[in-house]
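Enquirer: What follows is a structure written as structure tokens; I'll ask about it next.
The values are calculated or read from the model by the stated rules, or taken from the named source; none is laboratory data. Everything numeric in this text was worked out from a predicted model, so none of it was measured. Neighbour counts run over all protein chains shown; Cβ positions are idealised from the backbone, glycine included. Only protein heavy atoms, including side chains, enter the accessible area calculation; ligands, DNA and RNA are left aside. Shrake-Rupley method; radii C 1.70, N 1.55, O 1.52, S 1.80 Å.
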Amino acid sequence: MQKLSNLIDELASYIPQLEARKESVSASSVGWQIEHSLLVISSVIEGVKRSDPSKYKWSFRPIKYLIFWRGKIPRGKIGAPKIVIPGEITQDTLQAHIALCRQRLDELEQLGAGHYFTHPFFGDLRMADTLSFLFIHTEHHLKIIRDMLAH
């Protein structure tokens, strides 16, 4: 959990540059990358909280194992689902969403290891795999932000 908390802190550190763009890296802004990452964290945690551990279903998904083994998501290969596409982005909305994600991360720590999240490509992910996914996904977008802000 601490690793993910550290990534949320890093996302927060980029809020002052929310308008920055670098078309050669991404068509979206730094603010979009931050908000998208926060939407994913928030919605995944809500999904884990709603899960019923007795309904978990294991399934073999080669793409899951490839991405988890590599520890990274290839750029530009998969579009974001509509539910995690940002709307209005301001410093205030990002700060509020950072606070919400920190609160939800605290709530996640209270859940048992049997809780899970159903990912559209990876299937059901138990708690440990959910945390790995959130780390890999957030790090993916942080790398984009770092590349956008590199001089």
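Enquirer: How many residues, within segment 68-86, are within 20 Å of ILE145 (Cα to Cα) and touching a helix residue (DSSP H, G or I) at 6+ places or on another chain (Cβ under 8 Å)?
Expert: Of the residues in that region, 8 qualify.
Enquirer: Within the set of pairs 6 or more residues apart or between chains, which connect a residue that is within 30 Å of ALA12 (Cα to Cα) and open to solvent by less than 20 Å² (accessible area, probe 1.4 Å) inside segment 37-60 to a residue that is assigned to a helix (DSSP H, G or I) and modelled with pLDDT under 95 with Cβ atoms less than 6 Å apart?
Expert: VAL40/VAL84
Enquirer: Give all pairs with beta carbons closer than 6 Å in which a residue from segment 71-94 that is closer than 12 Å to GLY31 by Cα meets a residue that is open to solvent by 60 Å² or more (accessible area, probe 1.4 Å) and of a type outside the set (Lys, Arg); count only pairs at least 6 apart in sequence or on separate chains.
Expert: PRO86/TRP32
Enquirer: To continue, here is another question. Considering each residue of segment 1-25, count those that are open to solvent by 20 Å² or more (accessible area, probe 1.4 Å) and either more than 20 Å from GLN91 (Cα to Cα) or modelled with pLDDT under 95 (or both), and give that number.
Expert: Of the residues in that region, 6 qualify.
Enquirer: With ARG70, ARG104, ARG126 as the choices, which residue is in contact with a strand residue (DSSP E or B) (Cβ under 7 Å, 6 or more places away or on another chain) and of a type outside the set (A, V, I, L, M, F, W, C)?
Expert: Checking each option against the conditions leaves just ARG126.
Enquirer: What number of residues within segment 83-103 are of a type in the set (Gly, Ala, Ser) and at pLDDT below 95?
Expert: 1
Enquirer: Cβ-Cβ distance below 7 Å, separation of 6 or more or different chains: which pairs start in segment 126-151 with a residue that is of a type in the set (Gly, Ala, Ser) and end on one that is at pLDDT 95 or above and open to solvent by 30 Å² or more (accessible area, probe 1.4 Å)?
Expert: Correct list of pairs: SER132/PHE68.
Enquirer: Also: Of the residues ASP147, ASP124, ASP106, only one is modelled with pLDDT of 95 or more, closer than 18 Å to SER29 by Cα and either charged (D, E, K, R) or buried (at least 16 other Cβ atoms within 10 Å of the Cβ) (or both); which?
Expert: On the way: ASP124 fails: closer than 18 Å to SER29 by Cα; ASP106 fails: closer than 18 Å to SER29 by Cα.
Only one candidate qualifies: ASP147.
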